[in-house]
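The values are calculated or read from the model by the stated rules, or taken from the named source; none is laboratory data. Just so we're clear, the structure is a prediction, and the values are computed from it rather than from any experiment. Backbone-built Cβ (ideal geometry, glycine too); neighbour counts: all protein chains shown. Calculation scope for accessible area: heavy atoms of the full protein, side chains included, ligands and nucleic acids excluded. Shrake-Rupley method; radii C 1.70, N 1.55, O 1.52, S 1.80 Å.
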Amino acid sequence: MDFLTDQDYQEDGYLVLDGLLSPAECDELRLRMGEIVDRMDVPEHCRIQFSTNHDEQLKTQGNADYFITSGDKIRFFFEKGVFDDKGDFTVPKECSLNKIGHALHAYEPLYKTATHSPKIQGIAKKLGLKSPVILQSMYIFKQPGIGGEVTPHQDATFLHTEPLGRVMGVWIALEDATLDNGCLWFIPGSHNNGITRRMVRTPEGTYPLTDFVGREATYDDKLFIPAPVKKGGVVLIEGEVVHKSEQNASEKSRHVYTFHIMESQETKWNPENCHLSLDPESPSPCR
């Protein structure tokens, strides 16, 4: 794995490193996910189409208990347009998924091993984390041809801590992530400007189940820098850095395993965060 410099991560808010996983380790994680998808049986009322659009987030997953209570479970979220008006698949089910989350690290041994590997522990130590814990994990498919755009956002919008700057995304490419199939794009240094919105739980008994405080800022496309990464590489993402990915219009998928680490020492997990299932007193330790 490339030499890790804390300075680059602190200055830019993200860092790309090659060689976290071997090609064989990537293939093993993809094979296991194929087995999970093959056995997938999702009731019609739980077929939630995932979106990063502000209004659609409130209307769909923001109003769905299936999404809100997924923090300690393995659940399935789909791309737009993969169901007909009866809720039946219009594409092969293995091509329908946007992501699976949010507790693969807790229940799936292969993903648990990858999450708690010595290399991950070394990264956390190198970046100065004293008491790192795992908040959530996801497998993202970015399906060929239909893998949806992820609009500019900050992870701290959804994983809010006091103080800010205590959350890091670990984004592992299980296939090459390229300009063609939807690699990440960043605004370097944008993590120094705070956050513009927060997703919060609404009072019990009200709908939608979540709301936003503030709105996402409008960003100049010229500020974004692409961050392609080879199979087995990893992108470290500071929680406040602005990032996005484009729609995958290519014929190649862009599978990723990603999880978030929080520095728990002297950090308060905001109780208004949308994933109520996460127990902030006893999250999964990164050690």
Checklist outcome for this item: Subset of region 18-60, residues of a type in the set (A, V, I, L, M), surrounded by fewer than 19 Cβ atoms within 10 Å (Cβ to Cβ) and modelled with pLDDT of 95 or more, comes to ALA24, LEU31, ILE36, VAL37
Checklist entry - Which one of these is touching a residue at least 24 places away in the same chain (Cβ under 8 Å), over 24 Å from GLY13 (Cβ atoms) and not small (Gly, Ala, Ser): LEU159, LEU135, LEU104? => result LEU104
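Inside region 202-223, can you point out the residues that are open to solvent by 60 Å² or more (accessible area, probe 1.4 Å) and either under 22 Å from the mean Cα position of the chain (by Cα) or in contact (Cβ under 8 Å) with a residue 12 or more places away in the chain (or both)? Quick ask: steps written out before the conclusion?
So the first thing to find is which residues in region 202-223 are open to solvent by 60 Å² or more (accessible area, probe 1.4 Å), and the list is 203-205, 207, 211, 213, 215, 218, 220-223.
TYR207, ASP211, VAL213, ARG215, THR218, ASP221, LEU223 - these are the residues of region 202-223 that are open to solvent by 60 Å² or more (accessible area, probe 1.4 Å) and either under 22 Å from the mean Cα position of the chain (by Cα) or in contact (Cβ under 8 Å) with a residue 12 or more places away in the chain (or both).
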Checklist outcome for this item: Matching residues in region 148-164 (under 13 Å from TRP269 (Cα atoms) and open to solvent by less than 40 Å² (accessible area, probe 1.4 Å)) number 5
Item to check | Hits in region 94-147 - residues which are loosely packed, with under 15 Cβ neighbours inside 10 Å and under 20 Å from GLU35 (Cβ atoms) | outcome: GLU94, TYR107, PRO109, THR113
Checklist entry - Among the residues of region 224-263, how many are among the hydroxyl-bearing types (Ser, Thr, Tyr) and open to solvent by 40 Å² or more (accessible area, probe 1.4 Å)? => result 0
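Could you tell me whether any residue of region 229-241 is modelled with pLDDT under 95 and within 17 Å of the chain's Cα centre (by Cα)? Lay out the reasoning, then the answer.
First, pick out the residues of region 229-241 that are modelled with pLDDT under 95: none.
No: zero hits.
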